[in-house]
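What follows draws every value from the coordinates through simple rules; no lab data is involved. Source: prediction; values computed, not measured. In this analysis, Cβ positions are derived from the backbone assuming ideal geometry, glycine residues included, and neighbour counts consider all displayed protein chains.
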Amino acid sequence: MAEVTHSQADLLLRLYEMRREPVMRQARAWYMANYHPTSIEDMQRQAPMGSQENAYGRMLLTYWEMAASIVNRGLIDEDFFFENTGEQWVVFDRIRPFLEAMRAAYKNPHLYANLEKHVQHLETWRERRAPGSTERMRQMIAQMMAQARPSAPAKKRRKK
């Protein structure tokens, strides 16, 4: 394990403070509780351009893209960062299934590339330490989402 410097610890704490900013907290809460797109079209329905939800989604994704870039460049020790974070995995996992469609739509093959690389490293790191934990997290999140979805209302029979 690499030695963590005071400046790396300070940078991690600064990133943490940014996550505590009130609007960022609102964005994080909305994203975790309400944002579960299954396609790029669904993403646009759940967070239409110009909406508060769209601003929240962009805020959270670009925050983690920036943080991932910092870690990917070695400005914070990767092990140290992974020991103290995990939200980025959930954030990325929500867009993972249609990331290529997003890249095509925006004509940007690098869209969220830092976050993608970072999450791949996180998954490798996590699996080395706790094999099977990534898949278990996906299962738990899917189960929580299924429980959170309102049941479809029963169809009323029409009286003749």
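Points to keep in mind about this one:
- On the basis of the beta-carbon distance and an R0 of 25 Å, residue 130 and residue 96 show a calculated FRET efficiency of 0.80.
- Net charge of Cβ neighbours under 11 Å - reference residue 19; Lys, Arg +1; Asp, Glu -1: +1
- Modelled this way, with points 7 Å down the Cα-to-C-beta line, the labels at residue 20 and residue 55 are 2.4 nm from one another.
- Neighbourhood net charge (15 Å Cβ-Cβ; Lys/Arg +1, Asp/Glu -1) for residue 82: -3
- Cα-only Debye scattering, the range 8-144: base-10 log of I(q)/I(0) at q = 0.14, 0.15, 0.19, 0.20 Å⁻¹: -0.67, -0.78, -1.26, -1.37
- Ratio Rg/Rh, restricted to the range 1-72 and using Cα atoms, in which Rh is the Kirkwood radius: 1.09
- For residue 113 and residue 87, the FRET efficiency from 1/(1 + (r/R0)^6), where r spans their Cβ atoms and R0 equals 22 Å, is about 0.70.
- Contour excess over end-to-end distance, with Cα ends at residue 105 and residue 6 and 0.36 nm allotted per residue: 31.5 nm
- Dipole in debye (nearest 20) - the range 8-144, about Cα centre, beta carbon charges: Lys, Arg +1; Asp, Glu -1: 180
- Taking a Cβ cut-off of under 10 Å around residue 59, the surrounding Lys, Arg, Asp and Glu residues balance to a net charge of +1, with basic ones at +1 and acidic ones at -1.
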